[in-house]
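Here is the structure we will look at.
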Amino acid sequence: MQYCHRSFPAFLPALLIIAAATRLSAASASDWPAFRGSDGQGTVPAGNYPLEWSAESGIAWKTPLPGAGASCPVIWKDRVYLTAYTGFFVPDQPGGTQADLKRHLLCLDRKTGRQLWQQDIPAKLPEEERIRDHGFAANTPAVDDKQIVCFFGKTGVIAFDHKGKQLWTADVGDKTHGWGSSASPVLWKNLVFINASVESESLYALDARTGRHVWKAEGIREAWNTPHLTTADGGREELIVACQKNLLAFSPADGMPLWTCATDITWYMVPSAVSHQGAVYCLGGRSGVAGLAVKTGGNGDVTSSRRLWTSMKGSNVTSPVYHEGHLYFMHESRGIAMCLRADTGEVVYEQRLERAGQVYASALLAGDRIYYVTREGRTFVVAASPKFNLLATSDLRDGSIFNAAPVPDAETSRLLIRSDKALYAVGAK
């Protein structure tokens, strides 16, 4: 496999022994500790989540934000954590220079939305003169019992404790891009995985307690997706990253390349993969082939032996959910809800939603309901069924942009929905 070069620091063997013997404190069933939840699948069991709401009703609390952002909130114990940015190229806020650019990590009370603390992080300069659509805070944090890990692109990976004290910082490259950086950190055992495709065309594993580089895989090109951890049928754990033209799998412990599969997708890859019972499903691209399924557990080039199907239907931005043999997602620019058979890629339905507009937020599956949030702040609730059924439409428009996926608070049966202006807890007070 020539696409990847791995490098290891001298202390790797000792770290692997520690990682094998030690696990991070597991999230509870009511926590949502990372992008798309603890397993990266964007699903939560059935609960009494709200079906309809508006800006005037059905809102438990609303917290104004200091700045914009496309990142999602994460939930740990009695806290909610969220990032934002201010000072430069903020939507509807003219003026400002790169010297004014700051990222912010906010800590909120889970039940009331009251802000407990805020940390401000100056940007390493120079940055891009403008970021198309997504801004400078698109990477969702990852949290465990010890820390909150944030990825701010060129500014680096920074960990804070639960009181807001900075613990460590790590450099993963200094390149920038006009579409910004969006891949979110993934915590696994004693490692943090960072897709730094934009910053250095590399996938990093960092020591979760110090930020030191443990291993690095190069050749990660045109990849904006968050790495996905899955377990193959034989029990082997695999770390999946979608790149331009190839889907790649690595051993998470040491970065060893496991397999590669041609996607036949020639564009950049933004949606994060999902998996189920030994198969991984991936969307991406803007035209031509836009989706595929691969059986995990292989070795080397598995294109001819383990690629299950490819599809001309997919998404350029939004990540899918898997439910009872089907994949569900929204096409980002056409307002079309999609359902594909997971075993064949066959289109089951393709339904345009009235006034949906653009959708950048990934789908959320809550029990037998799927929540789609548009960039204008409308939420479409669709039955998780191969027969299309629109259950409800709600409108939370506040004059700003909604790019983040909705997050379930299982403890209170609320949904956290983030705009550039505010974080909303939708549900009973």
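Within segment 2-13, not a single residue is modelled with pLDDT of 95 or more, hydrophobic (A, V, I, L, M, F, W, C), surrounded by fewer than 21 Cβ atoms within 10 Å (Cβ to Cβ) and outside any loop (DSSP other than H, G, I, E, B).
Return yes when D144 is acidic (D, E) and either without any contact (Cβ under 8 Å) to a residue 12 or more places away in the chain or buried (at least 19 other Cβ atoms within 10 Å of the Cβ) (or both) and no when it is not. Write out each step before concluding.
Numbers: acidic (D, E): yes; either without any contact (Cβ under 8 Å) to a residue 12 or more places away in the chain or buried (at least 19 other Cβ atoms within 10 Å of the Cβ) (or both): yes.
In short, yes.
Mind checking which residues of segment 361-371 are of a type outside the set (G, A, S) and under 24 Å from T310 (Cβ atoms)? Let's see the steps before the verdict.
First, pick out the residues of segment 361-371 that are of a type outside the set (G, A, S): 364-365, 368-371.
Correct list: L365, I370.
For segment 108-127, the set of residues classified as more than 22 Å from G178 (Cβ to Cβ) and part of a loop (DSSP other than H, G, I, E, B) consists of R110, K111, T112, G113, R114, listed by residue number.
Taking the conditions exactly as written (farther than 23 Å from I401 by Cβ and surrounded by fewer than 14 Cβ atoms within 10 Å (Cβ to Cβ)), does L125 satisfy them or not?
Values: farther than 23 Å from I401 by Cβ: yes; surrounded by fewer than 14 Cβ atoms within 10 Å (Cβ to Cβ): yes.
Yes, satisfied.
Here D133 meets each of (1) out of contact with any Asp or Glu (no Cβ under 8 Å at 6 or more places or on another chain); (2) modelled with pLDDT of 95 or more with one exception, condition (2). Each residue in segment 371-399 was checked for being of a type in the set (A, V, I, L, M, F, W, C) and farther than 14 Å from S54 by Cα, and 6 of them qualify.
When residues in segment 183-230 are screened for being closer than 19 Å to S38 by Cα and among the hydrophobic types (A, V, I, L, M, F, W, C), 12 of them pass.
Answer with yes or no whether E332 is touching a residue at least 24 places away in the same chain (Cβ under 8 Å), under 30 Å from E52 (Cβ atoms) and out of contact with any strand residue (DSSP E or B) (no Cβ under 8 Å at 6 or more places or on another chain). Explain how you work it out, then say what you get.
Working: touching a residue at least 24 places away in the same chain (Cβ under 8 Å): yes; under 30 Å from E52 (Cβ atoms): yes; out of contact with any strand residue (DSSP E or B) (no Cβ under 8 Å at 6 or more places or on another chain): yes.
When the stated conditions are applied, E332 passes them.
Among the residues making up segment 379-429, those that are surrounded by fewer than 24 Cβ atoms within 10 Å (Cβ to Cβ), assigned to a strand (DSSP E or B) and either of a type in the set (S, T, Y) or modelled with pLDDT under 95 (or both) are T393, S394. Quick check on segment 80-90. Is at least one of its residues touching a residue at least 24 places away in the same chain (Cβ under 8 Å) and over 24 Å from I148 (Cβ atoms)? Yes, that holds for at least one residue.
Report, by residue number, each residue of segment 160-189 that is of a type outside the set (G, A, S), under 20 Å from the mean Cα position of the chain (by Cα) and under 16 Å from V149 (Cα atoms).
At the first step, the residues of segment 160-189 found to be of a type outside the set (G, A, S) are 160-163, 165-169, 171-172, 174-177, 179, 185-189.
From what is left, the residues that are under 20 Å from the mean Cα position of the chain (by Cα) are 160, 172, 176-177, 179, 185-189.
Residues satisfying the conditions are F160, V172, P185, V186, L187, W188, K189.
Mind listing just one residue for me: the one in segment 329-355 that is surrounded by fewer than 21 Cβ atoms within 10 Å (Cβ to Cβ) and small (G, A, S) and, of those, modelled with the highest pLDDT? The residue in question is G345. Out of Y281, Y322, Y328, report the one residue that is of a type in the set (F, W, Y) and under 18 Å from A183 (Cα atoms). The match here is Y281. Being of a type in the set (S, T, N, Q), buried (at least 21 other Cβ atoms within 10 Å of the Cβ), touching a residue at least 24 places away in the same chain (Cβ under 8 Å) and in contact with a His (Cβ under 9 Å, 6 or more places away or on another chain) is not true of T43.
If only residues of segment 173-193 that are under 18 Å from R103 (Cα atoms) and of a type in the set (A, V, I, L, M, F, W, C) are counted, the one that is surrounded by the most Cβ atoms within 10 Å (Cβ to Cβ) is A183. Do you know which of the residues in segment 395-429 that are over 25 Å from P271 (Cα atoms) and small (G, A, S) is nearest to the chain's Cα centre (by Cα)? Per the stated criteria, the residue is A425.
Considering only segment 232-273, how many residues are in a strand (DSSP E or B) and in contact (Cβ under 8 Å) with a residue 24 or more places away in the chain? If you could, list the steps in order and put the result at the bottom.
Our first condition is that a residue be in a strand (DSSP E or B); within segment 232-273, this holds for 237-243, 246-250, 257-262, 269.
So of that shortlist, the ones also in contact (Cβ under 8 Å) with a residue 24 or more places away in the chain come out as 238-243, 246-250, 257-262, 269.
Number satisfying all stated conditions: 18.
The values are calculated or read from the model by the stated rules, or taken from the named source; none is laboratory data. All of these numbers come straight from a predicted model, not from anything done at the bench. Here the Cβ is made from the backbone with ideal geometry for all residues, glycine too, and neighbour counts use every protein chain on show.
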